[in-house]
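Below is one structure, written out as structure tokens, with a few remarks after it.
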């Protein structure tokens with residue numbers, strides 16, 4: 001590949017990490033949101049109070065987009081120095097996005113359980129926190145890798 005073509009794709013890793021993380025957040029939030037709406041519908045149809053706390057479950061997968069943006073920013077700085085780490089962006093984005101997807105699935109089940117029983121909010125948040133931790137670790141280790149690549153560690 002000539003340097004002209006390489007320059008056209010210099011930001012590919014950055015776009016991949018943000019795009020894949022955001023896709024995971026979109027899927028996860030959508031899945032959790034559908035379950036929250038179903039739980040509310042069931043509560044309303046039974047004339048039971050519908051917990052607004054299900055919004056917390058629905059919103060949980062959104063943070064992975066922020067993690068993708070943080071990694072994207074660092075990837076852009078590295079790309080502007082002439083290193084194009086497309087695979088790092090692709091795999092970090094995939095891992096962060098999958099964390100959001102699975103967090104959304106866990107949040108959907110939490111919404112169903114909370115809607116049915118009205119109990120267990122703290123327990124459900126702990127599980128959501130565990131799935132969130134995967135994305136946090138990927139972000140932290142990716143940023144650590146960038147420090148090593150840049151000669152800072």
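The values are calculated or read from the model by the stated rules, or taken from the named source; none is laboratory data. What you see is a predicted model; the values in this text were computed from it and never measured. Cβ atoms come from the backbone with ideal geometry, glycine included; neighbour counts cover every protein chain shown.
Annotations for the structure displayed:
- Residue in the stretch 41-58 that is buried (at least 22 other Cβ atoms within 10 Å of the Cβ), closer than 27 Å to residue 148 by Cα and modelled with pLDDT of 95 or more present: no
- Among the residues making up the stretch 122-153, those that are in a helix (DSSP H, G or I) and more than 21 Å from the chain's Cα centre (by Cα) are 147, 148, 149.
- Selection of first residues in the stretch 68-95 that are under 20 Å from residue 136 (Cα atoms) and of second residues that are modelled with pLDDT under 95 and not in a helix (DSSP H, G or I), restricted to Cβ pairs under 7 Å at least 6 apart or on distinct chains, gives the following pairs, ordered by first then second residue: 75/85; 76/11.
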